[in-house]
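The values are calculated or read from the model by the stated rules, or taken from the named source; none is laboratory data. Small disclaimer: the values here were computed from a predicted structure and weren't measured. All Cβ positions, glycine included, derive from the backbone under ideal geometry; neighbour counts span all protein chains shown. Just so you know, the surface numbers come from the protein's heavy atoms only, side chains and all, with ligands and any DNA or RNA stripped out. Shrake-Rupley method; radii C 1.70, N 1.55, O 1.52, S 1.80 Å.
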Amino acid sequence: MKIAPSILSADFANLKEDIIKAQEGGADWIHVDSMDGHFVPNLTFGSIVVKAIRPHTHLPIDCHLMVENPDYYIQEFAEAGADYISVHLESTPHVHRALQLIRSFDVKAGIVLNPATPVSLLEDIIHMVDMVLVMTVNPGYGGQSFIPETLNKIKMLDKWKKEKGFDFLIEVDGGINPTTIKACAEAGAEVCVAGSYVFDSSNPKERIEALKHAVRDSD
Ligand code: DX5
Ligand code: ZN
């Protein structure tokens, strides 16, 4: 299981230090939440933050775009140093084109599903994605509670993947702690985003280790 701490819950006045703490604490990826105040009710930041943190970590930077018309921002995120760019099925009018565009920059392409969006809607594009991100909360804020009904979607994706031989990664995002990560791992998740659990602590390393320890048996 890969752990991707979300900088949404980091200390923005000490972002570089928090990223280094996460990296030294065993993080596998760094997750970046870009929100536009339209697709989701919250407003965060754009590619400028990816550009700023890129020189300070060797970890893959995983960009989750919670914005309307993400197509407009794909190039700038790619040029800023993103390794993964994920767009929401619900906010992207031309999903096929957006995924092609991400891949044209040699960046891994992810598709994101809100808790109410069924996995079956991915049928015609699943062969084009490097990752499916299953939202386990409604996007917009850190610190929300895990929605257990989303576990079924992880299981369906895992089954689909195995039956058809796809190699996309299954990522989950929202409400991850040692209890929920175990359930996600058992359902088939391979990458877990964790924001508040990792950064609402003076010791992110301890928190990352607790997450890894919770899934050791499921690996
Ligand atoms: C929610 C974001 C998440 C968020 C997770 O809209 O996509 O990445 O930071 O935060 P926690 O882990 O606190 O639920
Ligand atoms: Zn996210």
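Table for the structure above
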| item | result |
| --- | --- |
| Count - residues of the stretch 5-31 that are assigned to a loop (DSSP other than H, G, I, E, B), under 23 Å from LYS108 (Cα atoms) and within 14 Å of ligand 2 (Cβ to nearest atom) | 1 |
| Within the stretch 160-210, considering residues that are assigned to a strand (DSSP E or B) and open to solvent by 10 Å² or more (accessible area, probe 1.4 Å), the one nearest to GLN144 (Cα to Cα) | ASP173 |
| Which listed residue is at negative phi, among the hydroxyl-bearing types (Ser, Thr, Tyr) and out of contact with any helix residue (DSSP H, G or I) (no Cβ under 9 Å at 6 or more places or on another chain), from TYR84, TYR72 | TYR72 |
| From ALA187, ALA214, residue being of a type outside the set (Val, Ile, Thr), within 19 Å of ASN152 (Cα to Cα) and touching a Lys or Arg at 6+ places or on another chain (Cβ under 6 Å) | ALA187 |
| Exclusive hit being more than 16 Å from ligand 2 (Cβ to nearest atom) and modelled with pLDDT of 95 or more, set ILE126, ILE181 | ILE126 |
| Condition met for SER145 (more than 18 Å from SER91 (Cα to Cα), free of Cβ contacts under 8 Å to residues at least 12 places away in the same chain and among the hydroxyl-bearing types (Ser, Thr, Tyr)) | no |
| Residue pairs meeting the criteria (Cβ under 8 Å; at least 6 apart or on separate chains; first touching a residue at least 12 places away in the same chain (Cβ under 8 Å) and of a type in the set (Val, Ile, Thr), in the stretch 184-208; second assigned to a loop (DSSP other than H, G, I, E, B) and within 9 Å of ligand 1 (Cβ to nearest atom)) | VAL193/GLY174; VAL193/ILE176 |
| Filter result (within 14 Å of ligand 1 (Cβ to nearest atom), touching a residue at least 12 places away in the same chain (Cβ under 8 Å) and open to solvent by 30 Å² or more (accessible area, probe 1.4 Å)) within the stretch 12-37 | ASP36 |
| Single match in PRO41, PRO5 (criterion: of a type outside the set (Ser, Thr, Tyr), within 16 Å of ASP200 (Cα to Cα) and within 14 Å of ligand 1 (Cβ to nearest atom)) | PRO5 |
| Residues (under 16 Å from the mean Cα position of the chain (by Cα) and open to solvent by 20 Å² or more (accessible area, probe 1.4 Å)) located in the stretch 1-11 | MET1, LYS2, LEU8, SER9 |
| Candidate set: the stretch 141-159, residues that are open to solvent by 30 Å² or more (accessible area, probe 1.4 Å) and within 16 Å of ligand 2 (Cβ to nearest atom); chosen: the one farthest from TYR197 (Cα to Cα) | ILE147 |
| Qualifying residues in the stretch 38-55 (those that are open to solvent by 40 Å² or more (accessible area, probe 1.4 Å) and among the aliphatic types (A, V, I, L, M)) - the one nearest to ligand 2 (Cβ to nearest atom) | LEU43 |
| Subset tally (residues that are more than 15 Å from ligand 2 (Cβ to nearest atom), open to solvent by less than 40 Å² (accessible area, probe 1.4 Å) and either among the acidic types (Asp, Glu) or assigned to a helix (DSSP H, G or I) (or both)) for the stretch 56-90 | 4 |
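So that you can scan it fast, the table gives a plain yes or no per residue for (1) in a helix (DSSP H, G or I); (2) basic (Lys, Arg); (3) over 13 Å from the mean Cα position of the chain (by Cα):
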| site | (1), (2), (3) |
| --- | --- |
| LEU101 | yes, no, yes |
| VAL137 | no, no, no |
| GLY143 | no, no, yes |
| ASN152 | yes, no, yes |
| ASP158 | yes, no, yes |
